[in-house]
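Below: the structure, in structure tokens.
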Amino acid sequence: MLNNIGLPGLLLIAVVVLVLFGRGKISSLMGEVGKGITAFKKGVDDSTKEIDDAETVADSAAEAAKDVTPSDKDKA
């Protein structure tokens, strides 16, 4: 269905939307979409940073762990 919409069809839809909602409403709507995209990207970056920090802490904890297996001298 959407494959048959060409450039003239898209322009007609854009003009109808502009007439129905007005320039101010569309402008504010696009501003909100931009804020949402920015917030989404920030959330993805923050979660990626948290995962990296958790991996770093786990790696350093693994390196700091002592070897507590008894040696042959301790068994005797």
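Mind listing the phi-derived Karplus ³J(HN,Hα) values for segment 42-49, rounded to whole Hz, using 6.51, -1.76 and 1.60 with θ = phi - 60°, and x for any glycine or proline?
After applying 6.51 cos²θ - 1.76 cosθ + 1.60, I find 5, x, 5, 5, 5, 5, 5, 5 Hz.
For segment 1-62, what % of the accessible area comes from carbon and sulfur atoms, probe 1.4 Å?
That fraction is 69 percent.
In the neighborhood of G31, defined by Cβ-to-Cβ distances under 15 Å, what is the net charge if each Lys or Arg adds +1 and each Asp or Glu adds -1?
Its environment carries a net charge of +2.
Show me, for segment 7-20, the HN-Hα J-couplings you get by feeding each phi into the Karplus relation (A = 6.51, B = -1.76, C = 1.60, θ = phi - 60°), rounded to Hz, glycine and proline as x.
Once rounded to whole Hz, the list reads 4, x, x, 5, 5, 5, 4, 4, 5, 4, 4, 4, 5, 5.
Cα gyration tensor of segment 1-63, axes a ≥ b ≥ c as square roots of the eigenvalues: rounded (a/c below 1.5), prolate (a/b > b/c) or oblate?
Because a/c hits 1.5 or more and a/b fails to exceed b/c, segment 1-63 counts as oblate.
The values are calculated or read from the model by the stated rules, or taken from the named source; none is laboratory data. If you're wondering where the values come from, they're calculated on a predicted model, not measured in any experiment. Neighbour counts run over all protein chains shown; Cβ positions are idealised from the backbone, glycine included. Just the protein is used for accessible areas: all its heavy atoms, side chains included, with ligands, DNA and RNA removed. Shrake-Rupley method; radii C 1.70, N 1.55, O 1.52, S 1.80 Å.
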